[in-house]
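The values are calculated or read from the model by the stated rules, or taken from the named source; none is laboratory data. These figures come from a predicted structure and were not determined experimentally. Please note: Cβ atoms are built from the backbone with ideal geometry, for glycine as well, and neighbour counts cover all protein chains shown.
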Amino acid sequence: MKPSSALKPLAFAMAALLSVAAQAHNDGPPPPSTPPSYTLDPNAAAAAVVIDSQNSHNNKVTNKAIKNTATVKDSVKGAEGNMGVNAAAGSGNQQDNAAAIATSDESFVFGTAASLTSATQTNSHNNDHNYGTQNNALLKSSGNGSSGNVGINVAAGDFNQQKNNLAIAVSNGRIATAGATASQTSNNLSVINEAGASYLSNVNTWSQGPSWNNNKTPVVNNATMDHSFNGISGNGGANIAAGVGNQQSNSLSIAAGCKVCM
C-alpha cells in the first residue's frame, strides 16, 4: 500500500471529527454523545476522541450573605496514571474530566493513529446577584510528585465551567495525527456585586470570627494555588476559579506512530 493511500482514511476520520467540533462552536445543538464512525482500517489503526460540551443558559442566582468555599488540600500526592479531581461550591458550576485512550499493536507498516480533543463551553443569559458574598477556591499542597496525566478543577461561585480533556492514540504504524480544539463563549451574563450593608438588614446571617462581619462584608473572590504540582512529571492541568462565569479548559491530544517504521 502506498503511503498516500494509507493517509486517506486517516484524513477522512480527522475531517469528520473536526466537522463535529466545528458544529459545537456554533449556537446549534451540542455535539453527539458518541464519537462519529471511523473509516480507519480496524486491523492497523487506533483512534481516541473526546468531544465535550458544557452549556449554562438562562439561570438566575441571588446570593445574600453566602459563603462558598471549595478546597482541595493534601490530595493526589504521589499518584500514578490518570487522575481527575473536581471540587465545586456555589451554584451552576460545571466541571469535567474526560480521558480516551486507544492502542493498536498491529505491525502493518502503514498503520495509523488519530487523536482529537474538542472542548466547547457556552455561558449565556445568566443573572447573578451577590450581596455580601464570599467565594474562595483553594488548591493547596496537592498533586505533588504525581506522574502521568493529572487534572484538577476547583471552583467557588456561580456558573463556573472547567474541563480537563485527554485523548491518546498509539499505533505501530508510522502515521500519527493529533488535533485539539477549544471554544468558550460567554454572552449576556449579568452580574451585580454589592457590599451588602444596605441589603442585609433583614437577612439572617451567621458569624465565623472577625473575617465574616454580618452586614459590612463586601463581595470577596479569592482563587489560590499554593505549593501544588511540585515535582510532577507528565501532563498536569489545574483550574482554579472564584467568582462568576469563569470558563477554563485544559486539553491534551497525543498520537504516536512507530519510529522504527520511518
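From the list Asn68, Asn136, exactly one residue is at pLDDT 90 or above, closer than 17 Å to Val220 by Cα and either outside any strand (DSSP E or B) or within 20 Å of the chain's Cα centre (by Cα) (or both). Which is it?
Going through Asn68, Asn136 in turn, just one is at pLDDT 90 or above, closer than 17 Å to Val220 by Cα and either outside any strand (DSSP E or B) or within 20 Å of the chain's Cα centre (by Cα) (or both): Asn136.
Out of curiosity, is Lys2 basic (Lys, Arg), modelled with pLDDT under 50 and either farther than 24 Å from Gly173 by Cβ or out of contact with any Asp or Glu (no Cβ under 9 Å at 6 or more places or on another chain) (or both)?
Answer is yes for this residue.
Identify, by number, the condition in (1) modelled with pLDDT under 90; (2) in a strand (DSSP E or B) that Glu106 doesn't meet.
It fails just one condition, (2).
Residue-by-condition table, conditions (1) in contact with a Gly (Cβ under 6 Å, 6 or more places away or on another chain); (2) under 21 Å from Ile240 (Cα atoms):
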site	(1), (2)
Lys67	no, yes
Val72	no, yes
Val76	yes, yes
Glu80	yes, no
Asp96	no, yes
Ile101	no, no
Ala114	no, no
Gln121	no, yes
His125	no, no
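Condition first: modelled with pLDDT under 90 and part of a strand (DSSP E or B). Can you find one or more residues in the stretch 193-204 that meet it?
Yes, the stretch 193-204 contains at least one residue that is modelled with pLDDT under 90 and part of a strand (DSSP E or B).
Quick one: which residue in Ser124, Ser142 is over 30 Å from Gly257 (Cβ atoms) and surrounded by fewer than 21 Cβ atoms within 10 Å (Cβ to Cβ)?
Selected residue: Ser124, the only one of Ser124, Ser142 that is over 30 Å from Gly257 (Cβ atoms) and surrounded by fewer than 21 Cβ atoms within 10 Å (Cβ to Cβ).
For the stretch 139-182, which positions are of a type in the set (Lys, Arg) and in a strand (DSSP E or B)?
The answer is Lys140, Lys163.
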